[in-house]
Every structure is written in C-alpha cells, then in structure tokens.
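The structure appears below as structure tokens.
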C-alpha cells in the first residue's frame, strides 16, 4: 500500500497487484507452507501432495500465482565438469487439449530442456527433475489431464501419470483444479494416498455482515483505493443497496469482485476521476461475468430489492443441491 503521492498509472498498477489476505486465504497459505516444510523434514519414501479444488472464480489462479512467486526459482550450480541449472520448483498450466506426454514436454521446457519428441519423454522428465534437484511443482488446471470428456481411458491415464510422477521422482505436487478433480483423481486409492491434503476453495456466501470475508475483501478494496489519493471524488459505497447489487454481480466470486472493482477504478481514473455508481454501471455493461446471478441483466441497473430476490433464489438452489448430495 502506498504512503506517498502517486500517479494515476501507479495507482492503477498498485490496485491491480493487490492480494487481499482474508482469513481463509491466510489459513490456506499457512497450511500449504506447513506441508512444504514438513515434506522437507520427513524421511518418508514419498512426499505428501496437495490438491486444491474449487469452482471458477474461487481464487485458485490467484493462489497459484502467489505460491509461484514464493517457490518457483532457479540457480546455477557450477560443477567440476559441467554447469547444472537447479530448478527447485516448477510450475505448469494445462490447456484443455493436453495429454500426459505433452505435459511432460511442458515441464521439461520449464526446466530448460528443449525437446520435441514424445518418445520416452516420461523417463527424460524423471531424469531431468533429479538432475535439477527439483523438490516440488505446481500444476494448474489439473482436471484437463483427463481431457474435456473425462472418458474412462483418459481418467485412467491421468491417474497413472500423476501417481508415477510422484512415486518415481519424489517431487511434491500441488495441483489446482475444478471439483471434478475429486472424481478424476481421489477416487483412485493409490492417487488418494499420495494426495492426503485436500483443500476446497469456495465462493463467498450471502447474507454478509461486517465480519464476513466478502465484506473484509470489499473493505480492503476501499482502503487501497482511498490510500492512493488520486480520485477527484470517491462515492461512499459501504451500504446495503450497493452490497446487494455487488454480490448479485459477482455471485460471491473473489475473482469477479476484483475484476469489477479494478475495472470501475480504471474507468474512474482515466475519465473524470469520480468513482461513483455510474462507473459500476459502465463496468458491468462492459464485462461478462460468468458468476453473475442476474445473467445478462446489469445488477447496477436493477433495484436493490430485485438483486436481493435473485440472491435469495440462488441461495435456495445451493441449499437444495447440498441437501440432495
């Protein structure tokens, strides 16, 4: 957070880089760091791995990028006969069309090994991880390893690949994915044994109060913007009507919350310098938010009561789904 006079460009950049450490976030990061530390101290034949799952917008990518900044690094070790690139942690994000051999190639590239042939690629990967002294790796969109259709054959191949990666390299894996990962990976005993730590991220829930995590994040956005001191006017928003519209706009997704606030702030910074309701109307006209509870309707053009009704209906559906399960 800035304590000196900053420019509009600097204000936009600082807000964009803001990570709000709300209670669940702090507990999650502390838990992950504890497991990483314990793996370094344990004498077990294999490390304990972590699976982090959650719906779209629950903060998986933000957490992935934060942990990437904390762990992914490399250095050069000058041996008597050669120079070795040491990569203590690797990171890889899987596209929807990935296959086990292709992900092996992607990880090899992150280790600085350029190769195009898929022949024997797993063995080359295992050897490269050993040479690089790799202790851990983060894999985002892990569910994509089973393909878009999650066919029995692809699920079986995905399970075998992640199981062998851990057992043959002794590298700790932190996997990120949708709730589908539970069926894809954790229903297989040998994979579940290697992923004893399962963290489920969720979107924020309604109703909210001053101590709820939704409001903690909202207050952090307001505090950050206020600290910049670059707006001509900053309309007060911490009221029930704004909160109802904002929750309806985001569905409680922290990613959507950040996206809407950041865009509204940018619209204010680079126009008249006023962060008011019109900027949120403009922002929700511009953005397509997949977690919005109002569909194609802009919640900032609806009445607060209409938004509350939509939120209530969505909450009932969530409760019924949980009861049915």
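Please treat every number below as a calculation from the coordinates, not as lab data. It should be emphasised that the depicted structure is a prediction, and the values quoted were computed from it without experimental measurement. We place every Cβ from the backbone using ideal geometry, glycine too, and count neighbours over all the protein chains shown.
How fast does the chain diffuse by Stokes-Einstein, in µm²/s, taking the Kirkwood radius from C-alpha pairs at 4 °C and 1.567 mPa s?
59
So how tilted is helix 304-324 from the main axis of the chain? Cα-based, degrees 0 to 90, rounded to 10.
It works out to around 30 degrees.
Only Cα pairs under 8 Å and at least 6 apart count here; give the relative contact order of the chain as a rounded whole percent.
21
Per residue, what volume in Å³ does the Cα convex hull of the stretch 44-200 take up?
114
Determine, for 302, 18, the number of other Cβ atoms within 10 Å of each Cβ, and report the residues in order from fewest to most.
Details: 302 18, 18 15.
Going from sparsest to densest Cβ surroundings: 18, 302.
Taking the stretch 115-170 on its own, what percent of its Cα-Cα pair distances exceed 12 Å?
On the way: 1102 of 1540 pairs.
Above the 12 Å cut-off, the stretch 115-170 has 72 percent of its Cα pairs.
Taking every alpha carbon pair in the stretch 213-325, what does the distance histogram look like in 5 angstrom bins from 0, in percent?
Result returned by the calculation: 2, 12, 22, 24, 19, 11, 5, 3, 2, 1, 0.
Which ordering of 138, 266 is given by a fewest-first count of other beta-carbon atoms within 10 Å?
Lowest count first: 266, 138.
Just need the relative contact order of the stretch 231-297 here, percent rounded to a whole number, with Cα pairs under 8 Å and 6+ apart.
The normalised contact order for the stretch 231-297 reaches 47 percent.
Dividing the Cα convex hull volume of the stretch 1-49 by residue count, how many Å³ per residue is that?
Numbers: hull volume 5.7 nm³, N = 49.
Looking at the stretch 1-49, the number lands at 115 Å³ per residue.
Calculate how steeply helix 240-250 sits against the longest principal axis of the alpha-carbon atoms of the chain, using the helix alpha-carbon long axis, and give the answer as 0 to 90 degrees to the nearest 10.
Between helix and principal axis, roughly 40 degrees.
Quick check: the angle from helix 100-110's long axis to the longest principal axis of the chain, C-alpha only, nearest 10 degrees?
80
Kindly provide the helix-only [θ] at 222 nm of the chain, computed as the sum of -39,500 (n - 2.57) over DSSP H runs of four or more divided by all residues, to the nearest 500 deg cm²/dmol?
For the chain, the value works out to -16000 deg cm²/dmol.
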